[in-house]
Structures are given as structure tokens and as C-alpha cells.
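The values are calculated or read from the model by the stated rules, or taken from the named source; none is laboratory data. These figures come from a predicted structure and were not determined experimentally. Cβ coordinates were reconstructed from backbone atoms using ideal geometry, including for glycine residues, and neighbour counts include every protein chain displayed.
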Amino acid sequence: MINQTLRGQVALVTGAGRNIGRAIAMSLAQAGATVVVNVRASVAEAQAVVADIHAAGGQAMMITADVTDRTQVDAMLATISKTYGRLDILINNAAVRDESVFAELSYADWRFALGVCLDGAFHCTQAALSLLTASSNATVINIGGLTAHTGASHRVHVVTAKAGLVGMTRALAHELSPQGVTVNCISPGMMDTARAPTAAAPNHHAKHTTLVGRRGQPQEIGEAVLWLTGPGGRFVTGQVIHLNGGTYLGG
């Protein structure tokens with residue numbers, strides 16, 4: 001069912017082919033936004049998201065682009081500008097989730113994690129800035145992670161990248177607020193998401209449980225995004241919103 005909360009707005013969701021990214025894209029479309037579904041290589045998954053949005057009566061298009069490549073990001077934003085003439089919502093969700101013992105972590109894997117999570121958010125936000133500042137409802141949401149606040153073994157590259165997103169969020173909230181752009185970070189934890197068949201469960205997940213007795217569902221992240229992008233979230237900026245079922249109770 002399509003409601004009208006975000007009618008007329010355009011949203012870009014990076015890494016939107018599955019799991020949290022997919023749920024965010026679906027939630028935004030259900031609220032009436034036109035959604036640009038971005039993936040780097042998972043074309044079939046992205047096409048399925050777009051098809052599901054269309055089947056539900058929403059509007060969406062797919063754009064493939066590697067968020068670590070500024071040329072591709074600039075081309076993606078140029079396509080959005082040409083097609084829709086606006087961008088109101090940017091969700092920096094693209095990320096990596098692998099684990100590695102620090103002593104065996106290659107510099108290439110270190111740089112790849114920072115490139116996708118942190119450089120990707122930099123490229124997309126900066127490239128989108130002229131469109132965002134022209135919107136009366138501009139919102140940037142960075143998707144962080146629980147271990148950026150708790151730490152975790154075997155994830156130094158991912159933890160460092162996600163922690164960097166928190167700093168970026170706070171800095172941009174200061175800098176972009178005069179232009180009417182809110183910037184926040186949603187930090188999911190202990191989510192029930194699908195992983196590649198060959199991927200092991202995260203070591204952190206094996207050692208922790210939630211206070212509410214279950215793992216979170218991706219659509220619950222989508223609901224938080226709707227609050228921050230809707231009328232009720234316009235007084236919120238520079239914040240980290242923790243959604244982890246009570247696994248972490250810090251600020």
C-alpha cells in the first residue's frame with residue numbers, strides 16, 4: 001500500500017539490492033517516494049527490488065555504480081538530476097561485512113572496507129549536495145553499525161569504517177544545517193539478514209544476544225528511516241539512532 005508521506009520526493013539508496021538496503025528502498029517507496037536503487041554488481045537483485053516496488057504501485061529505477069569510484073558516482077547523480085530534477089533523500093547504506101584476523105588482514109581489504117563504507121558516503125554526499133540543498137526536505141542518513149560503538153574482534157576494518165561514519169555524520173550536521181539538510185546515522189545491531197551461503201555467522205553475533213529476545217528485521221530499519229525522512233524527523237540532526245534490541249545501551 002502506498003501512502004503519501006513522501007509523495008513527490010526522490011530518494012537514493014546505495015547498496016539496495018538486499019537486506020537492510022532493500023528494506024529501506026521498499027519502505028521509502030511505500031511512503032510515496034520515487035526510489036533510485038543503487039548496486040555495484042548485484043543487478044538481478046536490484047532489478048527484483050525495482051520490480052517489487054512497481055508491483056506495489058510505487059516508482060523506482062535502478063542505477064549501477066561503484067560508490068568508491070567518483071566518476072561513476074557523478075554519473076549516477078547526473079542521471080538522477082536529468083531524470084527527476086531533484087534529490088531529497090540520500091541513504092548511504094553500501095557496506096562490506098567480512099571478518100578477518102587483524103594479523104592476516106591485507107591492506108587491500110582494509111582499504112576496500114574504508115572505500116565502500118566511508119569513501120562511498122563521502123562521494124555520494126558531496127556529489128548529491130547541489131540537489132540536496134535545493135530541496136526543502138533534504139535528509140542524509142548514514143547506515144552505521146553496532147560494532148562501531150562496542151568494538152569487535154576480527155572486524156577492525158569494518159569497525160573503523162563504520163566509526164568514521166559517525167564522525168562524518170556529526171561534522172556534516174554542523175556544516176549542512178544552515179542549508180536545511182539534516183544528517184543522521186542509524187546504527188543497526190543483531191539483525192536477521194541473509195548472508196552468502198559460504199559466509200560464516202559474524203563472530204560478534206555468536207557471543208551476544210538482545211534484551212528483547214530476538215534479532216531485528218530489516219524492515220524495522222526502514223521504519224526508522226521513514227521517521228527521520230518524514231515530518232516528524234525534521235528536528236533531528238547529528239544523531240546516532242541505535243536499533244539493536246538492547247544489545248548496546250550507550251549514547
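Laid out as a table, the results:
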| read-out | value |
| --- | --- |
| Pairs, first free of Cβ contacts under 8 Å to residues at least 60 places away in the same chain in the range 225-251, second part of a helix (DSSP H, G or I), C-beta under 7 Å, six or more apart | Trp227/Gly233; Val236/Leu228; Ile241/Ala224; Leu243/Glu220; Leu243/Ile221; Leu243/Ala224 |
| All strands (runs of 3 or more DSSP E) inside the range 1-83 with 1 or more residues being farther than 19 Å from Ser135 by Cβ and touching a strand residue (DSSP E or B) at 6+ places or on another chain (Cβ under 9 Å) | 34-39, 59-64 |
| Residue match in the range 177-194 (condition: at pLDDT below 95, surrounded by fewer than 19 Cβ atoms within 10 Å (Cβ to Cβ) and among the β-branched types (Val, Ile, Thr)) | yes |
| Positions within the range 92-115 being in contact with a Ser or Thr (Cβ under 7 Å, 6 or more places away or on another chain) and touching a residue at least 60 places away in the same chain (Cβ under 8 Å), in sequence order | Asn92, Asn93, Ala94 |
| Hits in the range 25-49 - residues which are polar (S, T, N, Q) and at pLDDT below 95 | Ser42 |
| Any hit, the range 125-135, residues being surrounded by fewer than 24 Cβ atoms within 10 Å (Cβ to Cβ), under 17 Å from the mean Cα position of the chain (by Cα), among the β-branched types (Val, Ile, Thr) and not in a helix (DSSP H, G or I) | no |
| Any hit, the range 21-29, residues being more than 25 Å from Gly232 (Cα to Cα) and either crowded, with 24+ Cβ neighbours inside 10 Å or in contact (Cβ under 8 Å) with a residue 60 or more places away in the chain (or both) | no |
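Residue-wise test of (1) closer than 22 Å to Ile20 by Cα; (2) among the hydrophobic types (A, V, I, L, M, F, W, C).
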residue: Val73; (1), (2): yes, yes
residue: Lys82; (1), (2): no, no
residue: Asn92; (1), (2): yes, no
residue: Ala108; (1), (2): no, yes
residue: Cys124; (1), (2): yes, yes
residue: Ser130; (1), (2): no, no
